[in-house]
1. Looking only at residues that are in contact with a Pro (Cβ under 8 Å, 6 or more places away or on another chain) and within 22 Å of Leu204 (Cα to Cα) in the stretch 96-121, which one is modelled with the highest pLDDT?
2. Counting only residues that are surrounded by 11 or more Cβ atoms within 10 Å (Cβ to Cβ), modelled with pLDDT under 90 and of a type in the set (D, E, K, R), how many does the stretch 233-260 have?
3. From the list Glu294, Glu299, Glu230, Glu263, pick out the single residue that is acidic (Asp, Glu) and crowded, with 22+ Cβ neighbours inside 10 Å.
4. Report whether or not Ser44 is among the polar types (S, T, N, Q) and either surrounded by fewer than 14 Cβ atoms within 10 Å (Cβ to Cβ) or modelled with pLDDT of 90 or more (or both).
5. Considering each residue of the stretch 95-127, count those that are β-branched (Val, Ile, Thr) and closer than 26 Å to Ser178 by Cα, and give that number.
6. Can you find a residue in the stretch 69-87 that is part of a strand (DSSP E or B) and of a type in the set (A, V, I, L, M, F, W, C)?
7. Quick check on the stretch 76-91. Is at least one of its residues of a type in the set (Ser, Thr, Tyr), at negative phi and crowded, with 16+ Cβ neighbours inside 10 Å?
8. In the stretch 108-123, what residues are under 15 Å from Ala144 (Cα atoms) and touching a residue at least 24 places away in the same chain (Cβ under 8 Å)?
Amino acid sequence: MTEPLLRAQNVTKSFASNKGLLRAVTDVDLEVAPGETVGLVGESGCGKSTLGRTLLRLYEPNGGTITFDGVDVTNLSQRALRPMRRKMQMIFQDPYASLNPRMTIGKAIAEPLVIHGLVKTKPERAARVAELLAKVGLREDAAARYPHEFSGGQRQRVGIARALAVRPRFIVCDEPISALDVSIQAQIVNLLQDLQEAEKLTYLFISHDLKIVQHVSDRVAVMYLGRIVELAEAKTLYRAPKHPYTQALLSAVPRVDPAAKRERIILQGDVPSPLAPPTGCPFHPRCPVKDKPEACFKELPKLRVLANGSRAACHVAE
């Protein structure tokens, strides 16, 4: 079996607040193989983006271990981590907020090249910027323009070019299309897939759009209240979801074939506060399963392997 490019073990990230300790990510185990796309889905506020940033050490983990390319990066100093930054990049949700409005597109793309010492002369830098712009479908003259002169889709292409500049191996795509018009979303998704093949990239693709995740992912992880509650091959998960939360999410996805429609599952109540999560299974206050066993109220379910090869953190999943 191929050694994972990225491995997270019991990763936890908490934030202090005036109301107590907020556990945004709790005891997450996740592996991503070279060349793979792992989709990460769940409701807003479930911890998806926090997990992505923690895996890149943009947020410091409070617990657990993060191993990248065989190196334990969990406690590396910023100086020791710097060479690893070249291999791990991020594409942000808001392409405008992630670009300096006072910096030309050319300078924004060239900045990581300069920081990491990948170019030595101005002509070399200009050539690399032009190459990156071409890869993402932008003209060379875009380098002299500013972010506000571009559309949202074009700005996201710039963000992708910037992430590619240092020739990374792993990219966290943090809701890369959610801020874009529907007409542009497919173009960006297709671009990311083409670049993955051409550049031999590995993706963690974070999104709340379940159809897009199904289209791009090899495997899918489902998060709820800071924990991964189901992890499976994409085809398996969409065909036969095992966790009641996953079933509820997928029941809301529109289907073209009327005969393939699932019965809509309406979850009752709100997501519990991560400041005071329920005892037992975090999902039990909203779980639609009738006659739940006592363990649901008292014991935290572990992510276990089921008969079909999926993994689910559920006392009743089989």
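The values are calculated or read from the model by the stated rules, or taken from the named source; none is laboratory data. Predicted model, so just to flag it, every value in this text is computed and none were measured. Quick reminder, even Gly has a Cβ in these numbers, built from the backbone with ideal geometry, and neighbours come from all protein chains shown.
1. Leu99
2. Total satisfying the criteria: 1.
3. Checking each option against the conditions leaves just Glu230.
4. In short, yes.
5. So in the stretch 95-127, the residues β-branched (Val, Ile, Thr) come out as 104-105, 109, 114-115, 119, 121.
If we keep only those that are closer than 26 Å to Ser178 by Cα too, we end up with 104-105, 109.
Number satisfying all stated conditions: 3.
6. Filtering the stretch 69-87 down to residues part of a strand (DSSP E or B) leaves 71-72.
Now drop any that are not of a type in the set (A, V, I, L, M, F, W, C), which leaves 71.
Yes; the residues of the stretch 69-87 include at least one that is part of a strand (DSSP E or B) and of a type in the set (A, V, I, L, M, F, W, C).
7. No, the conditions are met nowhere in the stretch 76-91.
8. Ala108, Ile109, Ala110, Glu111
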